[in-house]
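Q: One structure, as structure tokens, below. Some questions next.
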Amino acid sequence: MTMAVERWTAQSRAGVGGAALVLGALALAPMLIGPGIVDRLTALFIYVILAAMWNALAGYCGLVSIGQQLFFGLGAYATIRIAFAGVDPFLAMILGAVAVGVLAWPVSLFMLRLKGGEFSIGMWVLASIGQLCVKLDPMIQGETGSSLISLNAYGADLRRNLIYWGALAAMTCLLAALFALLRSREGLAIQAIRDNEEAATSLGVRPERTKRRLFVLAAFGIALAGALWLAQAVSFQPKSYFSVQWTAYMIFMVLVGGIGRFEGAILGAVLFFAVETFFAATGVWYLIGLGATAIVFSLYFPRGLWGAVAARTGVQLLPLGYRATNTET
Amino acid sequence: MTKTSKGANRMTLNRRQIMASGLALGTASLGAGRVLAADGDPIRIGFMSPRTGPLAGFGVTDGYVLDQVRAALKGGLTIGGKTYAVEILDRDTQSDPGLASQLAKDLINNGGIDMMLATSTPEVVNPASDACEAAGVPCLSTVVPWEAWYFGRGAKPGAPSPFKWTYHFSFGVDTFKKTYLSQWAQLETNKKVAVMYPNDADGNAIRAGLAPLLAAGGYTIVDPGPYETGTSDYSTQIAMFRDAGCEIFNTFPIPPDFAAFWQQAAQQGLHKQLKIVQVAKTGLFPGDIEALGSLGANIASADYWHRDFPYPSTATGIKAADLADGYEAATGMQWTQQLGATMALFDAGIEALKAASDPKGKAALAAAYAKLNVVTMVGKVDFTSGPVANVSVAPIIGSQWVKSESGKFTYDTVITENATDPNVPVTHKLLPYNA
């Protein structure tokens, strides 16, 4: 009996091919569907970005942050600030996200020294400080906020589609970047850290540098999500963008989908989106349902839906790990 | 970890529409979810206000007003010889600006509205206006200081108005100045004004805009600086006001902060030296004042509508006093000034529909708004002569909460001055607080 170690299994080839098909179909979708659905799908893409970025931190580096709304709010704020100076709003979104990514580097220098719960709470504190600082800007005027009105230069339909394609492109690029990172040499280190940080360190893996890169990538991605959310909502009010609800959403999506699984975060985002679409109108019961689901998953399916599926069937749709397969015929 | 309190936000499509989206994706069927406007279609009006959540005090009367408007429009509206049915799609924003934004987009994309009406606080009005401006849907709003609506949405001072689709009528900083100067001149005081302006949007705007105007009007402002919402100990400020010998007090607090401050002021004897206690934001509605117990008597306020206003509603024909009485009879609750403001929103909106060359043509309706000059339940709404384009300044009338004469409720609000609209009858003289 001979064994081969391979990345590309038949399943993962089909998985990647299927993903490409879905993305292609989504890119053409605005021609076929109504404006309400375009808006909703834009929200779905933003959820996928949020879930994937939080998963990258918590699932792979063990960095459980409850202050990621810092980057979400700052991304939206930077966009509105840059656009106010006369820059095209779509360019401002990219510049704003880059600016937040750059800012995340010095932040990581001291935040990553904190461990576990200290890191979680520290991030929350930072998010509150960020919100207070933004409120001091005379353009924002405390809680009054401001609006990204320069977007009005674009016609309603064109703008809706541009934001949709922007969100789709941002989601695809960020997932691809994360995928590439996880497949690289670095990715091996990341997955080693996920499995056991002490053991990985003892084998010469340098967790700090790896964690820092993911921290900055996550900050950039979440800032871009904030900028996209602002583009489709137009109004910026510090209270709603720096709200901890954003991180709560991220945690829910990743927990239910499957923490530390690339596919899990995407599945979680799609599930959350579906539940919200169908049940949000039920008000309080919807919130109770979300909370109960999160509790059930953390108690009985700690690896989430995808984790449970993958453990039982060995399915891996995206070729991230290596597989030992029996090649004897 | 499950603090998803805003989770109810994103519901914008119903099940059928999602099914439609699946169909559209799968079978490439065209135009699912689109609402096509055709002749014979009703005129659809979106209406957004906060009816639950922390801002519910504003929205509590809206259900009653909506009933009156729907009843008046039952036979439709005849415009240019053609009769249109009118549908009002009302939405509760739950006091959440994120939800307001989603609901506005849902009304525009899936409700097929021809016009939006929005009222009460920037948390409702600004996201609704932004969504309409973005989608090119005419929108009229009220009950937000016009500066917070206009500059708070990114307009630059001195530059031409960036808004093409959204219009707003409400009071502003200058209206407050006129009202306060007229109100305070009624009593002999040493003109020393103790001010408590919080560190929030309203507080900072008032400190920057109103305080200098009052100082120019001959008043000495004693300002201990911004306080944070939720402060529990105000003894420093109270001591400062006492030592300065202030006889007038002005504040823009949220109700719980004012209750805490005012109880401490009473314990420390400040209330005995104050002749005028002029409170904004808290005290718009009777419940805020009742909560203060006996300390609520003779607090001065300012009203954007009152049951003694002389203007009937153009949309429904209801007179001011009848609207207030009708509400009390129907609900058993005391009337509030929001009754008239919401009604005025419908008055102005329906006048614009009547004036438009095509009420279902959005550009024609926006053009009608730009030329609108009508008298509504709160008075004049005039977009031809505002301080900036898209804005009409509405009056705010000085008033005072006094022990109820009829005895049906604890306090009544009575009109004590009318500087910003001389047509409103002044019925009472301002009483000193410490009398």
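The values are calculated or read from the model by the stated rules, or taken from the named source; none is laboratory data. In this text the structure is predicted, and so the values were computed from the model without any measurement. Glycine gets a Cβ as well: all are built from the backbone with ideal geometry, and neighbour counts include every protein chain shown.
Q: Kindly indicate the residue of the range A:284-300 that is over 14 Å from A:MET253 (Cβ atoms) and of a type in the set (A, V, I, L, M, F, W, C) and also modelled with the lowest pLDDT among those meeting that condition.
A: The extreme case among them is A:VAL284.
Q: What number goes with the only condition from (1) within 24 Å of B:GLY57 (Cβ to Cβ); (2) charged (D, E, K, R); (3) in contact with a Gly (Cβ under 8 Å, 6 or more places away or on another chain); (4) in the same structural domain as B:PHE383 (by TED's automatic domain parsing) that B:ASP200 does not pass?
A: (4)
Q: Applying the selection to the range B:93-124, what residues are more than 10 Å from chain A (Cβ to nearest Cβ) and either in a helix (DSSP H, G or I) or farther than 16 Å from B:PRO145 by Cα (or both)?
A: Within the range B:93-124, B:THR93, B:SER95, B:LEU103, B:LEU107, B:GLY112, B:ILE113, B:ASP114, B:MET115, B:MET116, B:LEU117, B:VAL124 meet the criteria.
Q: Further question on the same structure: Could you tell me which of the residues B:GLY317, B:GLY386 is part of a loop (DSSP other than H, G, I, E, B), assigned by TED's automatic domain parsing to the domain that holds B:THR61, of a type in the set (Gly, Ala, Ser) and over 20 Å from the mean Cα position of the chain (by Cα)?
A: B:GLY317
Q: Still on this structure: Out of all the residues in the range A:113-127, is one or more touching a residue at least 60 places away in the same chain (Cβ under 8 Å) and within 14 Å of another protein chain (Cβ to nearest Cβ)?
A: The answer is yes, given that some residue of the range A:113-127 is touching a residue at least 60 places away in the same chain (Cβ under 8 Å) and within 14 Å of another protein chain (Cβ to nearest Cβ).
Q: Another question, then. What's the total number of residues in the range B:353-370 that are part of a helix (DSSP H, G or I), in contact (Cβ under 8 Å) with a residue 40 or more places away in the chain and closer than 13 Å to B:GLY80 by Cα?
A: Residues flagged as part of a helix (DSSP H, G or I), in contact (Cβ under 8 Å) with a residue 40 or more places away in the chain and closer than 13 Å to B:GLY80 by Cα within the range B:353-370 amount to 2.
Q: Exactly one condition in (1) more than 24 Å from B:VAL125 (Cα to Cα); (2) away from chain A (no Cβ under 14 Å) is false for B:GLU228; which is it?
A: Condition (2) is where B:GLU228 drops out.
Q: Conditions first: (1) within 13 Å of the chain's Cα centre (by Cα); (2) more than 30 Å from A:GLY187 (Cα to Cα). A:ALA225 passes all but one, so which condition is the exception?
A: Of (1) within 13 Å of the chain's Cα centre (by Cα); (2) more than 30 Å from A:GLY187 (Cα to Cα), only one is false for A:ALA225: (2).
Q: Within the range A:282-309, how many residues turn out to be at the interface with another protein chain (Cβ under 10 Å from one of its Cβ atoms), surrounded by 18 or more Cβ atoms within 10 Å (Cβ to Cβ) and either of a type in the set (A, V, I, L, M, F, W, C) or under 22 Å from the mean Cα position of the chain (by Cα) (or both)?
A: 3
Q: Go through the range B:230-256 and count every residue that is under 27 Å from B:PRO54 (Cα atoms) and either basic (Lys, Arg) or out of contact with any strand residue (DSSP E or B) (no Cβ under 7 Å at 6 or more places or on another chain) (or both).
A: Residues meeting the conditions: 8.
Q: Further question: Can you name the residue in the range B:195-225 that is within 11 Å of chain A (Cβ to nearest Cβ) and assigned to a loop (DSSP other than H, G, I, E, B) and, of all such residues, is surrounded by the most Cβ atoms within 10 Å (Cβ to Cβ)?
A: That would be B:ASP200.
Q: Being of a type in the set (Phe, Trp, Tyr), within 13 Å of another protein chain (Cβ to nearest Cβ) and assigned to a loop (DSSP other than H, G, I, E, B) is the filter here, so list the residues in the range B:149-176 that pass it.
A: Within the range B:149-176, B:PHE163, B:TRP165 qualify.
Q: If you scan the range B:93-134, which residues turn out to be in contact (Cβ under 8 Å) with a residue 60 or more places away in the chain and more than 24 Å from B:PRO359 (Cα to Cα)?
A: Those that are in contact (Cβ under 8 Å) with a residue 60 or more places away in the chain and more than 24 Å from B:PRO359 (Cα to Cα): B:GLN94, B:ASP96, B:GLY98, B:LEU99, B:GLN102, B:SER120, B:THR121, B:PRO122, B:GLU123, B:VAL124.
Q: Residues to consider are B:THR427, B:THR420; find the one that is surrounded by fewer than 14 Cβ atoms within 10 Å (Cβ to Cβ), part of a loop (DSSP other than H, G, I, E, B) and touching a residue at least 24 places away in the same chain (Cβ under 8 Å).
A: Going through B:THR427, B:THR420 in turn, the sole match is B:THR427.
Q: Here is a further query. State all residues of the range A:153-186 that are in contact (Cβ under 8 Å) with a residue 40 or more places away in the chain, away from every other protein chain (no Cβ under 14 Å) and in contact with a Ser or Thr (Cβ under 7 Å, 6 or more places away or on another chain); if no residue qualifies, say none.
A: If the condition is that a residue be in contact (Cβ under 8 Å) with a residue 40 or more places away in the chain, away from every other protein chain (no Cβ under 14 Å) and in contact with a Ser or Thr (Cβ under 7 Å, 6 or more places away or on another chain), then A:ALA167 is the only one that fits.
Q: Of the residues in the range A:265-281, how many are within 12 Å of chain B (Cβ to nearest Cβ), small (Gly, Ala, Ser) and surrounded by 15 or more Cβ atoms within 10 Å (Cβ to Cβ)?
A: Summing the residues that are within 12 Å of chain B (Cβ to nearest Cβ), small (Gly, Ala, Ser) and surrounded by 15 or more Cβ atoms within 10 Å (Cβ to Cβ) in the range A:265-281 gives 1.
Q: What about A:ALA269, is it in a helix (DSSP H, G or I), under 20 Å from the mean Cα position of the chain (by Cα) and of a type in the set (Gly, Ala, Ser)?
A: Yes.
Q: Any residue at all in the range A:131-139 that is within 14 Å of chain B (Cβ to nearest Cβ), assigned to a strand (DSSP E or B) and not β-branched (Val, Ile, Thr)?
A: no
Matching residues to (1) surrounded by fewer than 24 Cβ atoms within 10 Å (Cβ to Cβ); (2) part of a helix (DSSP H, G or I):
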| position | (1), (2) |
| --- | --- |
| A:ALA43 | yes, yes |
| A:MET53 | no, yes |
| A:LEU74 | no, yes |
| A:VAL87 | yes, no |
| A:ALA92 | no, yes |
| A:VAL98 | yes, yes |
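Q: Identify, from the list A:SER108, A:SER150, the residue that is within 14 Å of chain B (Cβ to nearest Cβ), part of a helix (DSSP H, G or I) and either buried (at least 18 other Cβ atoms within 10 Å of the Cβ) or out of contact with any helix residue (DSSP H, G or I) (no Cβ under 6 Å at 6 or more places or on another chain) (or both).
A: Exactly one residue qualifies, and that residue is A:SER150.
Q: Taking the residues in the range A:30-41 that are assigned to a helix (DSSP H, G or I) and without any contact (Cβ under 8 Å) to a residue 12 or more places away in the chain as candidates, determine which candidate is farthest from the other protein chains (Cβ to nearest Cβ).
A: Checked the range A:30-41; the qualifying residue farthest from the other protein chains (Cβ to nearest Cβ) is A:MET31.
Q: Just to check your reading of the model, which residue among A:SER128, A:SER120 is out of contact with any Phe, Trp or Tyr (no Cβ under 7 Å at 6 or more places or on another chain), assigned to a helix (DSSP H, G or I) and under 28 Å from A:TRP306 (Cα atoms)?
A: One residue alone meets the criteria, A:SER120.
Q: Kindly indicate which of A:ALA27, A:ALA78, A:ALA14 is in a helix (DSSP H, G or I), at pLDDT below 90, farther than 21 Å from A:ILE190 by Cβ and not basic (Lys, Arg).
A: A:ALA14
Q: Taking the condition touching a helix residue (DSSP H, G or I) at 6+ places or on another chain (Cβ under 8 Å), assigned by TED's automatic domain parsing to the domain that holds B:GLY317 and modelled with pLDDT under 85, does B:ARG91 pass?
A: Here the answer is no, as B:ARG91 does not meet what is asked.
Q: Further question on the same structure: Only one of B:THR142, B:THR179, B:THR189 is β-branched (Val, Ile, Thr), away from chain A (no Cβ under 14 Å), under 27 Å from B:LEU274 (Cα atoms) and within 22 Å of the chain's Cα centre (by Cα). Can you tell me which?
A: B:THR179
Q: What's the number of the condition B:ASP288 fails, among (1) among the charged types (D, E, K, R); (2) modelled with pLDDT of 95 or more; (3) outside any loop (DSSP other than H, G, I, E, B)?
A: So B:ASP288 meets the others, but not (2).
Q: Follow-up question, since we're still on this one. Answer with yes or no whether A:ALA192 is out of contact with any His (no Cβ under 9 Å at 6 or more places or on another chain) and under 30 Å from A:PHE90 (Cα atoms).
A: no
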